[in-house]
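Notes for the one structure printed next.
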Amino acid sequence: MEGTRPSTVNSIGMFDMLKGMGMITIVLAHTAELYPMQISGGLSLTAFFPFIYREALMAAFFIASGYGFRKRSIGKCIQQQLRALLKPYCITAVCTSLLHLLCHYMAFHYFPSSVTETLKVAGGFLLGLPHTTTYAGQQFFSTGPMWYLLSLLIGWVLLDAILNIFPEKYTHWAVLGIMLLGWGTTLVWELPFSLSQGAVIVPYLYIGYLAKKNRWLDKPLPRRTLYILLGGTALTAVGALLAQSTDCISMGEWSLGPLSILLDAATGFLFIRLFMRLNRFAGPIAQGLQAIGRNSLNIFCIHTVELIAIPWYLFAAHFTDHPLRGMLLQNVIAFTSIGLVCALLNLRRSWIVKASAARRQAQRRTPALSQH
């Protein structure tokens, strides 16, 4: 039947499985940060190895977003991105700040301190900080996963500006120049509104744009290209192990500098190719991942609220002797709460759709009745 076919190239939902697996990985990775388990040499197993390809996964997200990019006037692009991304960002900021104030007061029972800490959260959202930063001697907390939305907004506008301003033969160099400019700013200053991160991810969006334009996902990869991408994927792990650090876009850190940004792009593109193959499957696991992917924006926002507003560090402190148990329990709580809120939001949306349909139907009947 037409409605049960798996998502294929150029179909709506072709990246749903990728986004679904990505959402699960992101929540698990953020939880793992609170429960480091040391192995020989002081290396933290849960705080290191899951993050080697974390930024490659984020690169895959940006590439997938770039696949839907269309060149338009700069003004129209800005308006579209503000409407699509800034609205959920602002709603998330308000919900996170309010819940943070409530949770902090319930945990510490001191209202002045709760207000002070919540203002740091709200200030971080107003400044669009990808990580906790001090401005003019005042500390502001990060926006959590919401840096992704701001970076995506900035990246789309920058790519649209490049395509409008530069001739096609110079586009590649302009994209690389913007990337290097974004990387360079992370070395000297923390720019507000995730401007540095937005500049760095422009190559990812551009790869997605070129992938659709040149139909790179419609045909098998040339053997040489595949080997290059696989080599880049291996080099990402080697660089992380040698540097004893992993890439992190939000923190402005790359183990091999600008090279790591491009290596993450190579691995991210392979991730997309892999999940395009997995789209052939139609079992319950695949359908579940696709359903999660369709709710990725809601999950991003809800996860931000619970991650920042709830003092999970107090919860983790009770499981210092049993980190695996604490990690499992926190994940159960986090995924359950995210699922419930997503269900409520989807129910609300279905009610709105039904109410709108009923309103339109009533409006169509009104002229007919008035004629009698």
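Kindly point out which whole DSSP H helices in the chain project their C-alpha atoms 18 angstrom or further along the helix axis while averaging a Kyte-Doolittle hydropathy of 0.5 or above.
Sorted by number, the helices that extend far enough and score high enough are 16-32, 54-67, 87-108, 111-127, 147-165, 168-188, 223-243, 258-278, 296-309.
Considering the chain as a Gaussian network with a 10 Å cut-off on Cα pairs, which listed residue, Pro222, Pro311, Pro130, attains the greatest mean-square fluctuation?
Pro222
Going by average Cβ density within 10 Å per residue, which order do the peptides 116-122, 209-215, 259-265, 16-22 take, highest to lowest?
Put in order of decreasing packing, that is 16-22, 259-265, 116-122, 209-215.
I'd like the carbon and sulfur percentage of the solvent accessible area for the chain, probe radius 1.4 Å, heavy atoms only, ligands and nucleic acids excluded. Please report the intermediate quantities before stating the final value.
Working: 13390 of 19860 Å².
Ligands and nucleic acids excluded, carbon and sulfur reach 67 percent.
Counting each DSSP H run of 4 or more residues in the chain as -39500 (n - 2.57), what helix-only mean residue ellipticity at 222 nm follows after dividing by all residues, to the nearest 500 deg cm²/dmol?
-23500 deg cm²/dmol
By a straight-distance test (C-alpha under 29 Å), which lysines pair with Lys120 as possible cross-link partners, with residues fewer than eight away in the same chain excluded?
Correct list for Lys120: Lys87.
For the chain, what is the accessible area per residue in Å² when the probe is 1.4 Å?
On the way: 19860 Å² over 372 residues.
Accessible surface, normalised per residue, equals 53 Å².
For a quick check, take a GNM of the chain with Cα springs below 10 Å and name the residue from Ile26, Ile352, Ile63 with the largest mean-square fluctuation.
Ile352
Once you sort the root eigenvalues of the Cα gyration tensor of segment 281-328 as a ≥ b ≥ c, which label holds: rounded (a/c under 1.5), prolate (a/b larger than b/c) or oblate (the other case)?
oblate
Round to the nearest 10 and report in Å² the accessible area of Phe108, as given by a 1.4 Å probe over the protein chains' heavy atoms.
About 90 Å², rounded to the nearest 10.
Once you sort the root eigenvalues of the Cα gyration tensor of segment 138-259 as a ≥ b ≥ c, which label holds: rounded (a/c under 1.5), prolate (a/b larger than b/c) or oblate (the other case)?
Taking the square roots of the gyration eigenvalues as a ≥ b ≥ c, segment 138-259 is oblate.
Please work out how much length the chain gains when fully extended from Lys71 to Glu168, using 0.36 nm per residue of separation minus the C-alpha to C-alpha distance, in nm with one decimal.
33.7 nm
Which residues' amide hydrogens lie under 5 Å from the amide hydrogen of Arg72, considering only partners 5 or more residues apart or on another chain, with H built in the peptide plane?
Long-range HN contacts for Arg72: none found.
Might you report the magnitude of the Cβ-based charge dipole of segment 70-142 about its Cα centre, with Lys and Arg at +1 and Asp and Glu at -1, to the nearest 20 debye?
I would put it at about 700 debye.
Note down the relative contact order for segment 123-189 as a percent, whole number, built from C-alpha pairs under 8 angstrom at least six residues apart.
Once divided by the residue count of segment 123-189, the mean separation gives 19 percent.
Of Tyr313, Ser356, His131, which is farthest towards the positive pole of the chain's charge dipole, taken about the Cα centre with +1 and -1 on the beta-carbons of Lys, Arg and Asp, Glu respectively?
Toward the positive end, the furthest listed residue is Ser356.
The values are calculated or read from the model by the stated rules, or taken from the named source; none is laboratory data. Keep in mind that what you see is a predicted model, and the values were worked out from it rather than measured. With ideal geometry, Cβ positions are generated from the backbone for all residues, glycine too; neighbour counts draw on all protein chains shown. These area figures cover heavy atoms from the full protein model, side chains too; ligands, DNA and RNA do not enter into them. Shrake-Rupley method; radii C 1.70, N 1.55, O 1.52, S 1.80 Å.
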